[in-house]
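Trainee: This is the structure, below, for whatever I ask next.
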Amino acid sequence: MAGPPAVIWEREVEGLLRYRELVPRLEEALGKFSRRDPAEVIQPVRTTVPLQKHHGFMGLMPTYMENKGVLCTKFVCFYKREDGSNVPSTQATVVLLDPEYGNVKAVMNGELITRMRTAAVSAISAKLLMCPGAEVLAILGTGAQAMSHYNVFTEMFSFKEVRVWSRTVQGSERFCRSVSGPVTVCVSAEEAVRGADVIVTVTRCTEPVLFGQWVKPGAHVAAVGACRPNWRELDDVLMKEAVVYADSREGALTESGDVILSGSQSAEVFAELGDVINGTKPALREKTTVFKSLGMGVEDAVSAQLVFDQWEAKSCKS
């Protein structure tokens, strides 16, 4: 008979999850997802429930990895908050189950898991797609996702300059106090991205904030913030001129306003990151590239399993 489920709070997750262990597991999972082998990954497109009264929605993200013995789902609520709001724009809970018996093995705070796996996948996109010798990183947005992206990008790559832009002075000041390295604060999004080799958009914007005319040829963009079919961060020019990659083609065509709303015809999704990892599609580093990140249940599943494995190992020692 299974015992009570483990309850793992955010502070515990923070002590157990490290990018150096998470990134290779996510690369492996992205490759398995893109093979579309049901013995490797079964993952439907995220189910969403509108929370109209509260200007948000709830997403349900189940995943089953039969060969790995991992069964997981995440409940995540997204909200459109006013600029300057101190209320979180997302809340997430991850549940890990025993696939044989169906009992809950662990319930975890999903905020840090979501932030870290999202940032790690963006970093994987840069590893695969950015030009060699990239020197300048620009981050549009200064919230929790901006900080997680700063952390993994500066851990994995050696940028000579990191620029940041926020809609508010307070946001920029808070970001600079929170990160561990040097940052150049820019007064406009255009100033931040002009000449940048890698651009990360992690904003709450629902209308374009990054315009193709600002982006230098050959730059790589990781677009994270707009996760609804009627929200955008990137304009038509950038979406039409760039080679577009995604974590999930189905997810991008269903959920990404950047893809769906890009002119009279939706922008083409050239490949999934997993296709590049598997060698079935090329990494066109010489082109301007966009990675449209929606987030996937398989990313949560492997992250949660890593946390649980670390938690079990720690519990056995104590």
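The values are calculated or read from the model by the stated rules, or taken from the named source; none is laboratory data. Computed from a predicted model, the values in this text were never measured in an experiment. Because the Cβ atoms are built from the backbone with ideal geometry, glycine has one as well, and the counts that use them run over all protein chains shown. The protein model used for the area step is the full one, side chains on, heavy atoms only, and it has no ligands, DNA or RNA in it. Shrake-Rupley method; radii C 1.70, N 1.55, O 1.52, S 1.80 Å.
Trainee: Tell me the strands (runs of 3 or more DSSP E) entirely within the range 1-70 that contain at least 3 residues that are among the β-branched types (Val, Ile, Thr) and either touching a Phe, Trp or Tyr at 6+ places or on another chain (Cβ under 6 Å) or open to solvent by 60 Å² or more (accessible area, probe 1.4 Å) (or both).
Mentor: 47-51
Trainee: Need pairs with beta-carbon distance below 6 Å; first residue of a type in the set (A, V, I, L, M, F, W, C) and within the range 30-50, second open to solvent by 20 Å² or more (accessible area, probe 1.4 Å); sequence gap 6+ or separate chains.
Mentor: Leu30/Ile277; Ala39/Glu66; Ala39/Asn67; Val41/Lys32; Ile42/Tyr64; Val45/Glu250; Val45/Thr254; Val49/Met58
One line per residue, one yes/no per condition, for (1) open to solvent by 60 Å² or more (accessible area, probe 1.4 Å); (2) more than 20 Å from the chain's Cα centre (by Cα); (3) more than 25 Å from Thr93 (Cα to Cα):
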{"position": "His220", "(1), (2), (3)": "no, no, yes"}
{"position": "Ser248", "(1), (2), (3)": "no, no, no"}
{"position": "Leu284", "(1), (2), (3)": "no, yes, yes"}
{"position": "Thr288", "(1), (2), (3)": "no, no, yes"}
{"position": "Lys292", "(1), (2), (3)": "no, no, no"}
{"position": "Gly295", "(1), (2), (3)": "no, no, no"}
{"position": "Ala301", "(1), (2), (3)": "no, no, no"}
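Trainee: From the residues in the range 220-232 that are in contact with a Cys (Cβ under 8 Å, 6 or more places away or on another chain) and in contact (Cβ under 8 Å) with a residue 40 or more places away in the chain, which one is farthest from Thr47 (Cα to Cα)?
Mentor: Among those that are in contact with a Cys (Cβ under 8 Å, 6 or more places away or on another chain) and in contact (Cβ under 8 Å) with a residue 40 or more places away in the chain, it is His220.
Trainee: On the basis of being crowded, with 16+ Cβ neighbours inside 10 Å, among the charged types (D, E, K, R) and closer than 17 Å to Leu294 by Cβ, does Arg163 make the cut?
Mentor: The answer is no for Arg163.
Trainee: Further question: Of the residues in the range 92-133, how many are more than 21 Å from Pro24 (Cβ to Cβ) and aliphatic (A, V, I, L, M)?
Mentor: Residues that pass the stated criteria total 6.
Trainee: If I filter the range 268-276 for residues that are modelled with pLDDT of 90 or more, within 21 Å of Leu22 (Cβ to Cβ), surrounded by fewer than 24 Cβ atoms within 10 Å (Cβ to Cβ) and β-branched (Val, Ile, Thr), do I get at least one hit?
Mentor: Within the range 268-276, one or more residues are modelled with pLDDT of 90 or more, within 21 Å of Leu22 (Cβ to Cβ), surrounded by fewer than 24 Cβ atoms within 10 Å (Cβ to Cβ) and β-branched (Val, Ile, Thr).
Trainee: A further question on this structure: Name every residue in the range 205-218 that is farther than 23 Å from Ala271 by Cβ, touching a residue at least 40 places away in the same chain (Cβ under 8 Å) and surrounded by fewer than 21 Cβ atoms within 10 Å (Cβ to Cβ), in order of residue number.
Mentor: Thr206
Yes/no matrix, rows are residues, columns are (1) surrounded by 15 or more Cβ atoms within 10 Å (Cβ to Cβ); (2) under 22 Å from Ala283 (Cα atoms):
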position: Ala119; (1), (2): yes, yes
position: Glu135; (1), (2): no, yes
position: Phe159; (1), (2): yes, yes
position: Arg167; (1), (2): yes, no
position: Phe175; (1), (2): yes, no
position: Glu191; (1), (2): yes, no
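Trainee: So Asn230 ticks every box in (1) surrounded by 23 or more Cβ atoms within 10 Å (Cβ to Cβ); (2) touching a Gly at 6+ places or on another chain (Cβ under 6 Å) but one. Which box is left unticked?
Mentor: Unmet for Asn230, out of (1) surrounded by 23 or more Cβ atoms within 10 Å (Cβ to Cβ); (2) touching a Gly at 6+ places or on another chain (Cβ under 6 Å): (1).
Trainee: Mind listing just one residue for me: the one in the range 95-117 that is buried (at least 20 other Cβ atoms within 10 Å of the Cβ) and either farther than 13 Å from Gln305 by Cβ or without any contact (Cβ under 8 Å) to a residue 12 or more places away in the chain (or both) and, of those, farthest from the chain's Cα centre (by Cα)?
Mentor: Asn109
Trainee: Something else about it: Would you check if there is a residue in the range 77-94 being open to solvent by 80 Å² or more (accessible area, probe 1.4 Å) and modelled with pLDDT of 95 or more?
Mentor: No, that holds for no residue.
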